[in-house]
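Here's the structure, in structure tokens; my notes come after.
The values are calculated or read from the model by the stated rules, or taken from the named source; none is laboratory data. None of the values given here were measured: they were computed from a predicted structure. As a convention, Cβ positions derive from the backbone with ideal geometry for all residues, glycine included, and neighbour counts pool all protein chains shown.
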Amino acid sequence: MATDYGSVTLWLVILAAGVGTFLIRFSFIGLFGLLDDVPAVVERALRFVPAAVLAALVAPQLVVVDGSVALSPANPRLLAGALAALVAWRTEDVLATLVAGMAGLWLLTFAFG
């Protein structure tokens, strides 16, 4: 894919994006390095970050089919995700959750075609 920008301009944009990303990430490390202790409010809020990131990554894969939202029983991904969530809630076992979710997805995909 060709662009109208020269190679120097493109490399400057890539460099600026890299430096900007580094500075954003380093600002948190530097900020917490200056503090003796992380405030309790921030620590409580940071506990939810992994779950929020996982949900943000997984939810679109479960509810979007061919570019549109599919919240119906005919969506095997949604049903397999619900099965995996149920197994995770009942067993609290990561391996059982993965096995149940993938087995459910394979069986439902085979059943729905």
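Here is a check on your reading of the model: is ALA52 modelled with pLDDT of 90 or more and in contact with a Ser or Thr (Cβ under 8 Å, 6 or more places away or on another chain)?
no
Evaluate the following for LEU71: is it outside any helix (DSSP H, G or I) and modelled with pLDDT of 85 or more?
Against the criterion (outside any helix (DSSP H, G or I) and modelled with pLDDT of 85 or more), LEU71 qualifies.
Could you tell me whether ALA51 is surrounded by 10 or more Cβ atoms within 10 Å (Cβ to Cβ) and in a helix (DSSP H, G or I)?
No.
Tell me, yes or no, whether region 90-108 has at least one residue that is in contact with a strand residue (DSSP E or B) (Cβ under 8 Å, 6 or more places away or on another chain), part of a helix (DSSP H, G or I) and not hydroxyl-bearing (Ser, Thr, Tyr).
So far as region 90-108 goes, no, none of its residues is in contact with a strand residue (DSSP E or B) (Cβ under 8 Å, 6 or more places away or on another chain), part of a helix (DSSP H, G or I) and not hydroxyl-bearing (Ser, Thr, Tyr).
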